[in-house]
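The values are calculated or read from the model by the stated rules, or taken from the named source; none is laboratory data. Everything numeric in this text was worked out from a predicted model, so none of it was measured. FYI the Cβ positions are ideal-geometry reconstructions off the backbone, even for glycines, and counts take in every protein chain you see. Ligands, DNA and RNA are stripped out before the accessible areas are found, and what is left, the full protein with its side chains, is counted by its heavy atoms. Shrake-Rupley method; radii C 1.70, N 1.55, O 1.52, S 1.80 Å.
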Amino acid sequence: MLISKNPHNDKVIAEYQEYNFTQVKDIISDVVLEQSSWSRLTYKDRSDFILCISQTLESEKKNLSELITEEMGKPISESMLEIEKCIWLCQYYSEKIDEFLTPEVIKTDAKLSEIHFEPLGVILGVMPWNFPYWQVFRFIVPALLAGNGVLLKHASNVQGCALQIEKVLIDSGLPENIFRTLVIGSKVIPDIIKDDAVKAVSLTGSEFAGSSVAELAGKNLKKSVMELGGSDAFIVLDDCDIEKAVKGAVTARMINNGQSCIAAKRFILSKSIHDEFVDKLIDSIGALKIGNPMNLSTDVGPLAKNEFLDDILRQIEKSILMGAKLVSGGVKIGESGYYMRPAILTNVTESMPVFNEETFGPVFSIVSCDNIEQMIKVANNSDYGLGGSVWTQNIELGKSIAHQIETGAVFVNAFTKSDPRMPFGGVKKSGYGRELSRYGLLEFCNIKSISIF
């Protein structure tokens, strides 16, 4: 039984009976059959279906947003932005499908040489709870446009969102079995990956989950894309616009109540501006309104699960014992729900949990550095390599530093965010492969060379 709880008040929202494996096998067979027909549609036909999805999302935005907030605690204002981003994604890919998938003609010794982009077949997506629509749509929209069929195994605590996504696609007119949500736990995943009908897998989640699924995919010679954890560095030089940098730091860390793989997590400050930055950060964090995420005025809601709150408090406590200084927050608040006051820790060193583990919640871990070389070294001292940012008024210097940061993306004078137009993904233990842009769409294509002599 899969249980969805409201993190605001710890009340059960719904319970879902898991599908047995016979049901799962039947669903896989249905998607395989439908994918054969779907792959023969013209690019325009597929594009028209995706545009219809964007229209359904727009008309259902209020209800979909409320379900996100109810199931995982995201402030309702952010839930609405999440749906709006999914709409943008659908529109973007619909406009670009011809450009992305039209065969390329290459000059060779042959009379004609072309590169074609054909679907792989049926793709399994294993998706997380923190962006229950965005994470799914950025996987399924390019996969569907490329001609694939899609199976979704969503996180158990957002099962309502998972089933609603299937309804959105059906209501938009897509064939009923080109996308299916599987109401299952993680134990069934190995058998699905082993199934000959499933050609590839995409996972967004933890390092542990990614390692397990990647091992299964590799053992069965299936293509895989892994978007895993992150511990992004937020590098602030002494010539920065400090007001802008502090504002960016708050947004970068607090989005989704601090529960984002690309949230800024390690704040690496030039020693000369350390005290001023921390003072302004304390004031900015203190002004945030913590409360019921259904209220539009709320800035910070609860963490998604009680165990996530326990993990964060453990990381803070252990780091304090190792010498970190808690200058603000870092405590559980409220009689019900999974709320904590955002924590700011200074005197952080590279051996502490708040530095060398991913802190999936509202924790600002602050490191002070003497020079740029030290800042780059500290930023790269991480098992993760997803994103990062550099704050400086010297754009050429910022660009130079960006080239030296070992991540999949670096932003200068802006916080890390995903964009349909740009590839998204990481290096090191943050995973491999790319989502979004043309690069993400081609991950689940057979890039086929055809030459005629």
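Number of residues in the range 251-287 that are open to solvent by 20 Å² or more (accessible area, probe 1.4 Å) and either within 21 Å of the chain's Cα centre (by Cα) or of a type in the set (A, V, I, L, M) (or both): the value is 5. Right, Asp10: open to solvent by 10 Å² or more (accessible area, probe 1.4 Å) and at pLDDT below 95 or not? Against the criterion (open to solvent by 10 Å² or more (accessible area, probe 1.4 Å) and at pLDDT below 95), Asp10 qualifies.
Being outside any helix (DSSP H, G or I) and surrounded by 23 or more Cβ atoms within 10 Å (Cβ to Cβ) is the requirement here; does Leu174 meet it? Considered against the rule, which asks whether it is outside any helix (DSSP H, G or I) and surrounded by 23 or more Cβ atoms within 10 Å (Cβ to Cβ), Leu174 comes out as no.
Checking the condition more than 25 Å from Lys417 (Cα to Cα), assigned to a helix (DSSP H, G or I) and among the polar types (S, T, N, Q), which residue from Ser272, Ser351 passes? So that I can check it myself, show each step before the final result.
Working: Ser351 fails: assigned to a helix (DSSP H, G or I).
Matching residue, one of Ser272, Ser351: Ser272.
For the range 372-387, the tally of residues that are open to solvent by 30 Å² or more (accessible area, probe 1.4 Å), in contact (Cβ under 8 Å) with a residue 40 or more places away in the chain and over 23 Å from Arg434 (Cα atoms) stands at 1. Restricting attention to the range 219-276, the residues that are in contact (Cβ under 8 Å) with a residue 40 or more places away in the chain and β-branched (Val, Ile, Thr) total 7.
Considering Leu296, Leu326, Leu345, which residue is under 23 Å from Asp232 (Cβ atoms), among the aliphatic types (A, V, I, L, M) and under 27 Å from the mean Cα position of the chain (by Cα)? Talk me through it step by step, then tell me what you get.
Values: Leu296 fails: under 23 Å from Asp232 (Cβ atoms); Leu326 fails: under 27 Å from the mean Cα position of the chain (by Cα).
Result: Leu345 is the single residue among Leu296, Leu326, Leu345 that is under 23 Å from Asp232 (Cβ atoms), among the aliphatic types (A, V, I, L, M) and under 27 Å from the mean Cα position of the chain (by Cα).
Name the residue, out of Leu216, Leu221, Leu228, that is on the phi > 0 side of the Ramachandran plot and at pLDDT 95 or above.
Values: Leu216 fails: on the phi > 0 side of the Ramachandran plot; Leu228 fails: on the phi > 0 side of the Ramachandran plot.
Among Leu216, Leu221, Leu228, only Leu221 is on the phi > 0 side of the Ramachandran plot and at pLDDT 95 or above.
Applying the condition of being assigned to a loop (DSSP other than H, G, I, E, B) and open to solvent by 60 Å² or more (accessible area, probe 1.4 Å) to the range 313-335 and asking which residue is farthest from Lys5 (Cα to Cα) yields Met322.
Evaluated against (1) in contact (Cβ under 8 Å) with a residue 24 or more places away in the chain; (2) assigned to a strand (DSSP E or B); (3) surrounded by fewer than 22 Cβ atoms within 10 Å (Cβ to Cβ); (4) aliphatic (A, V, I, L, M), Val390 falls short on exactly one condition, (3). You will find that of Lys62, Lys96, the residue that is assigned to a helix (DSSP H, G or I) and either of a type in the set (Gly, Ala, Ser) or open to solvent by 70 Å² or more (accessible area, probe 1.4 Å) (or both) is Lys62 and no other. As a summary of the residue check, Ala304 satisfies the conditions (1) free of Cβ contacts under 8 Å to residues at least 60 places away in the same chain; (2) surrounded by 15 or more Cβ atoms within 10 Å (Cβ to Cβ) except for the one numbered (1).
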